[in-house]
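Novice: Pasting a structure here, questions to come.
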Amino acid sequence: MLKIRHLLAPLICGLPFSVYAAGATRHFEQILADYMVWLVILIVPVAVIYIFWKVHILPEIYAEKVHHPQAKLIQVICLMSIVFGGILWPLAWILAYSKPVLHKIAYGTDKSDEYYLDPESEHADKPLSLAKIDNEITNLKEKLYGLEARREKVLDQNPNQVVGS
């Protein structure tokens, strides 16, 4: 292992000098620099703009994925954030990840109407008001199953314990 290191060290150290001495002229360096300049001038800004755009629409994509009722507002904030250099982007994230409690109080659901009107959804053949009620029943059943599981767990841990003793 030590012999290989002793053999490779002079080769690696001498590589830049031998390449330049073996015919790398100033002309070759100018051609390489010209290509690199065009790459930096044309490709890098396009890539940076594309990445900036893709990152700034992430809250919008998430809001559409979870059927957020303010998905259109989040979309507008994301577009305005792109125009204003990203200053509104944290607001879009906060809005996308917040639970729409006030919307649920006002309208009885925390999903957008597009969720219920989607032809591939389970609510496709129902009126909007009935679909919202069915969704609420499903949510209540899930909560009830969770409470029953918690009850069974407590009974399994303390089968003989009586309240007040």
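Novice: So the check is Cβ under 9 Å with 6+ separation or different chains; which pairs have a first residue in region 128-148 that's free of Cβ contacts under 8 Å to residues at least 24 places away in the same chain and a second one that's in a helix (DSSP H, G or I)?
Specialist: Once the first residue is free of Cβ contacts under 8 Å to residues at least 24 places away in the same chain and sits in region 128-148, its partners that are in a helix (DSSP H, G or I) give Leu128/Asp113; Leu128/Tyr116; Leu128/Leu117; Ala131/Tyr115; Ala131/Tyr116; Ala131/Leu117.
Novice: Still on this structure, I have one more. Please tell me if Lys132 is in contact with a Gly (Cβ under 9 Å, 6 or more places away or on another chain), under 27 Å from Gln70 (Cβ atoms), surrounded by 13 or more Cβ atoms within 10 Å (Cβ to Cβ) and modelled with pLDDT under 75.
Specialist: yes
Novice: Conditions: (1) out of contact with any Asp or Glu (no Cβ under 9 Å at 6 or more places or on another chain); (2) at pLDDT 90 or above. Ser98 meets all but one. Number of the miss?
Specialist: In the conditions (1) out of contact with any Asp or Glu (no Cβ under 9 Å at 6 or more places or on another chain); (2) at pLDDT 90 or above, Ser98 misses (2) alone.
Novice: Need the failing condition index for Pro45 against (1) without any contact (Cβ under 8 Å) to a residue 12 or more places away in the chain; (2) in a loop (DSSP other than H, G, I, E, B), just the number.
Specialist: The single condition Pro45 does not satisfy is (2).
Novice: Given the criteria in a helix (DSSP H, G or I), at pLDDT below 90 and open to solvent by less than 60 Å² (accessible area, probe 1.4 Å), does Ile82 qualify?
Specialist: Against the criterion (in a helix (DSSP H, G or I), at pLDDT below 90 and open to solvent by less than 60 Å² (accessible area, probe 1.4 Å)), Ile82 qualifies.
Novice: Return yes or no: is Ile105 at pLDDT 85 or above and open to solvent by 60 Å² or more (accessible area, probe 1.4 Å)?
Specialist: no
Novice: Let me ask another. Check Asp118, Asp110 and return the single one that is closer than 24 Å to Lys65 by Cβ, modelled with pLDDT of 70 or more, open to solvent by less than 100 Å² (accessible area, probe 1.4 Å) and under 30 Å from the mean Cα position of the chain (by Cα).
Specialist: Asp110
The values are calculated or read from the model by the stated rules, or taken from the named source; none is laboratory data. Note that the structure is predicted; figures quoted are calculated from it, not measured. Because the Cβ atoms are built from the backbone with ideal geometry, glycine has one as well, and the counts that use them run over all protein chains shown. Calculation scope for accessible area: heavy atoms of the full protein, side chains included, ligands and nucleic acids excluded. Shrake-Rupley method; radii C 1.70, N 1.55, O 1.52, S 1.80 Å.
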